[in-house]
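K.L.:
Here it is, the structure in full.
The values are calculated or read from the model by the stated rules, or taken from the named source; none is laboratory data. As the structure is a prediction and not an experimental result, all values here were calculated from the model. As a convention, Cβ positions derive from the backbone with ideal geometry for all residues, glycine included, and neighbour counts pool all protein chains shown.
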Ligand code: ARG
């Protein structure tokens, strides 16, 4: 992977013209980094590698700025050479190759290299976006990326932790897919294990004719609780529950059918949520790996990786602080076993190049241990397959305590989504939108706002932090919220749509001369940089911040630059500044794409 990146940046630096023939996702930041990196190597060939030179966007003095001179000075000084930062900067500039994204370069003290971008080149890129939409460069080596997310447990509540995993995992999948990777989204549902013995035993008691009639277990949680009570209090039931586990594991048809029924009830519940949130995911629960678990256990056993510990079979790696439990003392397999089998299957059968696990940070030790043990026993070769853990913090209630209902129960996701929709509608009605929008538009708007704000509130926080779930906050129409962004986008769309017949001549050049137009263009073009950052640290708040930046920069532009002139008497449009309308269209394209990558539906009116 590193090689591929190095190769790509080499290609870039050898070009004096940035090629946009087949794509519009130009990463100005990384192009500048490789240009400067090469210039530094050329200027100071004897200096050790200084890593990526610091290049940053958006100073008052230039479009981009490189400030690696200080660092170079220090290194030279250590070698006995005394040079001023300005002298270093000048030498680097001399060695900087020609590149058509750069208009002008100069040096200001102490050692800052200022870069001004070429308006013509940026116009050319934006023109491409206008004509072809946002299109990433076709990857020469797309990766097979498996994203393991959502993954609730059968017969247990899908809780807010699973909601976070669902939202983050879905958005990550969208980003990797958009860039051009081959993504497999997997739902590693907890659908196997000893608890199914209790559930099946209770099903047989309560609904003996379950084979012919579908049992009304709409409240599986209650059902689960009841079976647990019986399991703990009634020795006869307990024995039968164990018996059921054994029968299920040996695939006795009746038991398998009972198990399937129970899974179906849960699946229906999960599916309701996925449908509402527009989540695409393939279910491949722990049960899928049943025979593979047996095989992997045999393999580990034969190779001598398993150790007896009080009847359990455990596995260590020299690096891990805790072991994995591979076989329980009753002979059953565990969460660890299924993850080891799944990892092997994903590498060998799915040919994964990269596997990303999205769960709460509480599971980080589990995945670290899994990774270390898998490397230790040779299942995972980290030079061939990347394994990443994407953890996240806890969702808190407004009292900053664990998110619970008033009565102290876990919050039901369906209820939460319903409440979101109701609140979104209230908000729209409060603004009188029900009088302007058709019923259909209102319905689209309320779900876009409700689900959009729930997703955005999650994604806009650094994922590793806890965050407070507050409908009031997330439904605010000012500040960094989904509502603000959705309004901003519908406003841009209505500017374009309200031109009526005034859209004839779109052949004018995109207008970039006004300071605010230029600022907007540069802000928009950071998109590719943001996406590539997300593929490195899996933090989607970068994209949220970017979109918020785009929306506020657009507002500045719109406040300062007339897009149309109206007749003060009749209110009719008299003049259209086409070059600016084009900028509006391009902004809408970036915003729509960005919001879609966050899993947020946009609307044309709200
Ligand atoms: N079912 C698990 C839970 O609810 C999450 C599974 C995550 N994925 C995995 N491969 N272990 O905590």
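K.L.:
Look at residue 66 and say whether it is over 30 Å from residue 272 (Cβ atoms), crowded, with 20+ Cβ neighbours inside 10 Å and either away from the ligand (no atom under 16 Å from the Cβ) or free of Cβ contacts under 8 Å to residues at least 12 places away in the same chain (or both).
P.N.:
Numbers: over 30 Å from residue 272 (Cβ atoms): yes; crowded, with 20+ Cβ neighbours inside 10 Å: yes; either away from the ligand (no atom under 16 Å from the Cβ) or free of Cβ contacts under 8 Å to residues at least 12 places away in the same chain (or both): yes.
So residue 66 passes the test.
K.L.:
Just to be sure I understand the filter: pairs with C-beta atoms under 8 Å, separated by 6 or more residues or on different chains, first member in segment 354-380 and closer than 15 Å to residue 306 by Cα, second member within 8 Å of the ligand (Cβ to nearest atom) and in a helix (DSSP H, G or I). Which pairs pass?
P.N.:
Final answer for the pair search is 370/339.
K.L.:
Let me ask another. If we scan segment 226-236, do we find a residue that is away from the ligand (no atom under 16 Å from the Cβ), assigned to a loop (DSSP other than H, G, I, E, B) and within 25 Å of residue 158 (Cα to Cα)?
P.N.:
no
K.L.:
Still on this structure, I have one more. Run residue 386 past the list (1) touching a residue at least 24 places away in the same chain (Cβ under 8 Å); (2) surrounded by 12 or more Cβ atoms within 10 Å (Cβ to Cβ); (3) within 30 Å of residue 272 (Cα to Cα); (4) in contact with a strand residue (DSSP E or B) (Cβ under 9 Å, 6 or more places away or on another chain) and report the number of the one that doesn't hold.
P.N.:
Every condition holds for residue 386 apart from (3).
K.L.:
Among (1) buried (at least 17 other Cβ atoms within 10 Å of the Cβ); (2) in a helix (DSSP H, G or I); (3) without any contact (Cβ under 8 Å) to a residue 40 or more places away in the chain, where does residue 223 come up short?
P.N.:
Only one criterion in (1) buried (at least 17 other Cβ atoms within 10 Å of the Cβ); (2) in a helix (DSSP H, G or I); (3) without any contact (Cβ under 8 Å) to a residue 40 or more places away in the chain is unmet by residue 223, namely (3).
K.L.:
Now, a different point. Does segment 28-45 hold any residues that are part of a loop (DSSP other than H, G, I, E, B) and either in contact with a strand residue (DSSP E or B) (Cβ under 6 Å, 6 or more places away or on another chain) or in contact (Cβ under 8 Å) with a residue 24 or more places away in the chain (or both), and which are they?
P.N.:
Within segment 28-45, just 44 meets the criteria.
K.L.:
Could you please give the count of residues in segment 153-162 that are part of a helix (DSSP H, G or I) and more than 11 Å from the ligand (Cβ to nearest atom)?
P.N.:
1
K.L.:
Let me ask another. Suppose the filter is more than 15 Å from the ligand (Cβ to nearest atom) and out of contact with any helix residue (DSSP H, G or I) (no Cβ under 9 Å at 6 or more places or on another chain); does residue 142 pass it?
P.N.:
In short, no.
K.L.:
Step by step: first the residues of segment 572-606, then only those that are out of contact with any strand residue (DSSP E or B) (no Cβ under 9 Å at 6 or more places or on another chain) and over 27 Å from residue 125 (Cβ atoms), then the one that is surrounded by the most Cβ atoms within 10 Å (Cβ to Cβ). Which residue is that?
P.N.:
Here the answer is 606.
K.L.:
How many of the residues making up segment 302-321 are under 14 Å from residue 376 (Cα atoms) and out of contact with any strand residue (DSSP E or B) (no Cβ under 6 Å at 6 or more places or on another chain)?
P.N.:
Count: 8.
K.L.:
I've got another one for you. Condition (residue is within 16 Å of the ligand (Cβ to nearest atom), in contact (Cβ under 8 Å) with a residue 60 or more places away in the chain and in contact with a strand residue (DSSP E or B) (Cβ under 8 Å, 6 or more places away or on another chain)) applied to segment 177-185: is it met by at least one residue?
P.N.:
Within segment 177-185 (the criterion being within 16 Å of the ligand (Cβ to nearest atom), in contact (Cβ under 8 Å) with a residue 60 or more places away in the chain and in contact with a strand residue (DSSP E or B) (Cβ under 8 Å, 6 or more places away or on another chain)), the answer is yes, since at least one residue qualifies.
K.L.:
Same structure, new question: Among the residues of segment 389-401, what is the count of those that are free of Cβ contacts under 8 Å to residues at least 40 places away in the same chain and exposed (fewer than 14 other Cβ atoms within 10 Å of the Cβ)?
P.N.:
Residues of segment 389-401 that are free of Cβ contacts under 8 Å to residues at least 40 places away in the same chain, as a first pass: 389, 399, 401.
From what's left, exposed (fewer than 14 other Cβ atoms within 10 Å of the Cβ): 399, 401.
Of the residues in that region, 2 qualify.
K.L.:
So, restricting to strands (runs of 3 or more DSSP E) that lie completely within segment 274-371, which ones have at least 3 residues that are within 21 Å of residue 147 (Cα to Cα) and within 16 Å of the ligand (Cβ to nearest atom)? It would help to see each step written out before you state the result.
P.N.:
Numbers: elements: 307-309, 312-315, 324-327, 354-360.
The strands (runs of 3 or more DSSP E) meeting that bar are 354-360.
K.L.:
Scanning for something more than 16 Å from the ligand (Cβ to nearest atom), within 30 Å of residue 514 (Cα to Cα), at pLDDT 95 or above and buried (at least 24 other Cβ atoms within 10 Å of the Cβ), does segment 103-113 turn up at least one residue?
P.N.:
yes
K.L.:
Which one of these is over 15 Å from residue 158 (Cβ atoms) and within 22 Å of the chain's Cα centre (by Cα): 408, 397, 393?
P.N.:
Values: 408 fails: within 22 Å of the chain's Cα centre (by Cα); 397 fails: within 22 Å of the chain's Cα centre (by Cα).
None of the other options fit; the residue is 393.
K.L.:
From the list 150, 165, which one is within 13 Å of the ligand (Cβ to nearest atom), at pLDDT 95 or above and part of a loop (DSSP other than H, G, I, E, B)?
P.N.:
Every option except 150 fails the conditions.
K.L.:
Under 7 Å between Cβ atoms, which residue pairs at least 6 apart in sequence (or on different chains) link something in segment 186-200 that is under 17 Å from residue 229 (Cβ atoms) and in contact (Cβ under 8 Å) with a residue 60 or more places away in the chain with a partner that is within 14 Å of the ligand (Cβ to nearest atom) and in a loop (DSSP other than H, G, I, E, B)?
P.N.:
Hits for this filter: 199/155.
K.L.:
Which number in (1) assigned to a loop (DSSP other than H, G, I, E, B); (2) within 16 Å of the ligand (Cβ to nearest atom); (3) on the phi < 0 side of the Ramachandran plot marks the one condition that residue 216 misses?
P.N.:
(2)
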